[in-house]
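Input: a single structure, listed below in structure tokens.
The values are calculated or read from the model by the stated rules, or taken from the named source; none is laboratory data. For clarity, every value in this text was computed on a predicted model and none was experimentally measured. Note: ideal-geometry Cβ built from the backbone for every residue, glycine included; neighbour counts use all protein chains shown.
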Amino acid sequence: MCDSRAVDKHNGENQHPPAKPEPHEPLNKTLIARLVLAATIVAIFVIFAVQNTKSVTIEFLSWDFKLSQFLMMMLSAVAGVVIWEFAGVYSKRAKKRRSS
């Protein structure tokens, strides 16, 4: 039978590395709270999407198209966030120019 344990070349004794139990870190309470909050937001988002599937007609200048109510609301929200971010960048640059 073959022994697979490491052998010390100097004195011929078998070497056993000390057995360390792997530490299990407990889940951070903040992480759990964030996961619960994220799951709640996703659930609300899905319920909102399912309840707003009705198709609406969008008219802009000479264009006319149909889109689901949910999708239109989400596109409007994304457009609002993009405009807000551009305004923030513009404001920061204006402050930086004034202070220089």
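Laid out as a table, the results:
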| quantity | calculated |
| --- | --- |
| Pairs where the first residue, in segment 50-67, is among the charged types (D, E, K, R) and the second is part of a strand (DSSP E or B), C-beta under 9 Å, 6+ apart | Lys54/Ser68; Glu59/Phe65; Asp64/Thr57; Asp64/Ile58; Lys66/Ser55; Lys66/Val56; Lys66/Thr57; Lys66/Ile58 |
| Residues satisfying the stated conditions in segment 49-77, i.e. assigned to a helix (DSSP H, G or I) and surrounded by 13 or more Cβ atoms within 10 Å (Cβ to Cβ) | Ala49, Gln69, Phe70, Leu71, Met72, Met73, Met74 |
| Where a residue in segment 31-43 is in contact (Cβ under 8 Å) with a residue 40 or more places away in the chain and its partner, wherever it lies, is in a helix (DSSP H, G or I), with Cβ under 9 Å and at least six apart | none |
| Arg97 modelled with pLDDT under 85, assigned to a helix (DSSP H, G or I), exposed (fewer than 10 other Cβ atoms within 10 Å of the Cβ) and of a type outside the set (Ser, Thr, Tyr) | yes |
